[in-house]
Amino acid sequence: MMISNMAVIGAGTMGIGIAEVAAAHQCRVKLYDIDTSAVTAAIEGLSLRLDKRIAKGKIKDADKQAVLTNITAVDKLTELHDCDLVIEAVVEKLSVKQDIFKQLEDICTEDTLLASNTSSISITAIAACLQHPERMLGLHFFNPAPIMKLVEVIAGLKTNQAVLDQAVELVTGWGKVAAHAQSTPGFIVNRVARPFYGEALKIKQEQLADVHHIDAALKDAAGFRMGPFTLMDLIGIDVNYQVSQTVYQAMFNDPRYRPSLLQSEMVAAGLLGRKSGQGFYNYNQPDDDDSLCYESSQKQTPSQIQLSESNHPFEQLLSTLQSVCSIKTGSLNQVGDTILFQTVGHRAETLAQQLDKPVCLVDWSFDYKQSKAVNICFSAQVSELDKNHIIALFQHIEKQVLVTDDSPGMINARVISMLINEAADAVFNGVASKQDIDLAMQYGTNYPQGLIEYASHIGWQNPASVLTELYDWFGDDRYRLSPYIRRRL
Ligand code: NAI
């Protein structure tokens, strides 16, 4: 069945965005909201946004007219009787959603697909109120719906496969990327992304680094589009905290999803991020200087260093140092007395004691060559001269340098290993396929690379080693290794 007549219920942020996407792809959309003024306001807002796009030359006036002509405001649910698909995007409350779907079952035909845009409620639970739960599914769009490519297509326990197939065909026809997921807490993105916030918050709480430093490490050194604290301020710390709590409770208090005390305190204080003027950063004082966390410029580079012969991406970065000083080949990377490793989770101090040599650890990056920065840490015995030489070497190859305190997994290796573990465990538990999880994280959160693909590329033993070190150090079950990773060692 070709879907050309549909409805969106709820004309808020998500509802109008979804209606726009569908209307721009020749679907006729009926827009309903319990508050009729919300529909009028949403259509007016859309008209203004489309005007801005016309002014920027991105669309033509005819495109705007086509979108607006395809959207019809309706003020009664009964007017949805001829729709092939209804997408609900109202408040995040099970009873409200169930009430709507129960009414729709009486209004619409048997063939009408019923979808919810819920971000955290079980599709199985919503569908439980229906006589025909097999036609109910989740279509989880991301904000802003017209821009974000991902749609998670969620199957409840009783959803019919043909219903899912039809929905995938529809949303891919709208230019979206569909990722299949089972109805489980947080689906893919809101589950797998939890450690990006949770582990960063824990690192801050442990006073290992401040928010500037953690954001700079994950953005400029690792390669994420945005640091976790900047992102939490943008999303709203209250919204992010709510998702964390929902997933934690739905997972029966699994410590992997434990929300942060830091976040609950921020919410209690009304420090909600950009929308309240202050969150982890202060938006009323534009002099917050991100560059403060970087090391000041060091001039003196060593005349010679030793590098091991290897094709590992980290060693490829070090090989570019040949433009700065002479290189001799050896079994280890060495600057002065100090041995350089890419971290695999051990503290620099532990390695220094094992080797009886000073150690400098370099944190992970999705792309060492493209990154703007490196995050490093030193064992206690590294001399000032070696420290300055190492910092100068990286600065000479155009990398800003962050120096972190010595702790297992540093910042990036710790956060990325936790993300990989979460992605792996989602595959292990049948939430989605590894391909769909990688797609979802790239298109739903703009991660530089799929997590499973990245782990396969660098070798599963690396995140496994980081997680094992974290587990030993903290004695916290949140760092337990997914059996999916164990099977790959
Ligand atoms: P919103 O608060 O902007 O809009 C909700 C709209 O639903 C309001 O206009 C309200 O009047 C209407 N409404 C409330 N009860 C209704 C009822 N019984 N019948 C008809 N209309 C009713 O909310 P938003 O942000 O658009 O979220 C909607 C849904 O989408 C929620 O389930 C949310 O979890 C989900 N979602 C939200 C995302 C976001 O970033 N805001 C992202 C992805 C999903």
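Within the stretch 1-24, the residues that satisfy the criterion of being more than 8 Å from the ligand (Cβ to nearest atom) and at pLDDT below 95 are Met1, Met2, Ile3, Ser4. Output the residues belonging to the stretch 46-86 that are exposed (fewer than 14 other Cβ atoms within 10 Å of the Cβ) and within 16 Å of the ligand (Cβ to nearest atom). Residues satisfying the conditions are Asp75, Lys76, Thr78. Out of (1) part of a helix (DSSP H, G or I); (2) within 16 Å of the ligand (Cβ to nearest atom); (3) surrounded by fewer than 17 Cβ atoms within 10 Å (Cβ to Cβ); (4) polar (S, T, N, Q), what's the single condition that is false for Gln98? So the condition that Gln98 fails would be (3).
Just one of the listed residues (Ser291, Ser310) is surrounded by 11 or more Cβ atoms within 10 Å (Cβ to Cβ), among the hydroxyl-bearing types (Ser, Thr, Tyr), closer than 26 Å to Ala373 by Cβ and modelled with pLDDT under 90, namely Ser310.
Taken as a whole, the structure leaves Lys299 outside the set of residues that are of a type outside the set (Phe, Trp, Tyr) and under 24 Å from the mean Cα position of the chain (by Cα). Of the set (1) surrounded by fewer than 16 Cβ atoms within 10 Å (Cβ to Cβ); (2) within 11 Å of the ligand (Cβ to nearest atom); (3) touching a residue at least 60 places away in the same chain (Cβ under 8 Å); (4) not β-branched (Val, Ile, Thr), all apply to Ala89 but (1).
A residue that is more than 21 Å from Thr36 (Cα to Cα), at pLDDT below 95 and small (Gly, Ala, Ser) occurs nowhere in the stretch 125-145. Of the conditions (1) outside any helix (DSSP H, G or I); (2) in contact with a Lys or Arg (Cβ under 8 Å, 6 or more places away or on another chain), Phe280 clears all except one; give me its number. Among (1) outside any helix (DSSP H, G or I); (2) in contact with a Lys or Arg (Cβ under 8 Å, 6 or more places away or on another chain), Phe280 violates only (2).
Here Gly223 passes the criteria (1) more than 16 Å from the chain's Cα centre (by Cα); (2) at positive phi; (3) not basic (Lys, Arg) except the one numbered (1).
Taken as a whole, the structure leaves Ala55 outside the set of residues that are under 20 Å from Phe101 (Cα atoms) and more than 30 Å from the chain's Cα centre (by Cα).
Within the stretch 309-339, the only residue that satisfies the criterion of being under 21 Å from Asn462 (Cα atoms) and β-branched (Val, Ile, Thr) is Ile339. Residues of the stretch 108-121 that are away from the ligand (no atom under 11 Å from the Cβ) and touching a strand residue (DSSP E or B) at 6+ places or on another chain (Cβ under 9 Å): Cys108, Thr112, Leu113, Leu114, Ala115.
The sole residue among Asn446, Asn429, Asn388 that is modelled with pLDDT under 95 and surrounded by fewer than 22 Cβ atoms within 10 Å (Cβ to Cβ) is Asn446. Of all residues in the stretch 121-130, none are crowded, with 24+ Cβ neighbours inside 10 Å, more than 19 Å from Gln249 (Cβ to Cβ) and under 24 Å from the mean Cα position of the chain (by Cα). Summed over the stretch 1-40, residues that are surrounded by 24 or more Cβ atoms within 10 Å (Cβ to Cβ), among the hydroxyl-bearing types (Ser, Thr, Tyr) and assigned to a loop (DSSP other than H, G, I, E, B) total 0. For the stretch 402-442, a tally of residues being among the basic types (Lys, Arg) and closer than 16 Å to Lys219 by Cα returns 1.
The values are calculated or read from the model by the stated rules, or taken from the named source; none is laboratory data. What you see is a predicted model, and the numbers here were worked out from it, not measured in a lab. Cβ sites come from the backbone with ideal geometry, for glycine too, and all protein chains shown count toward neighbours.
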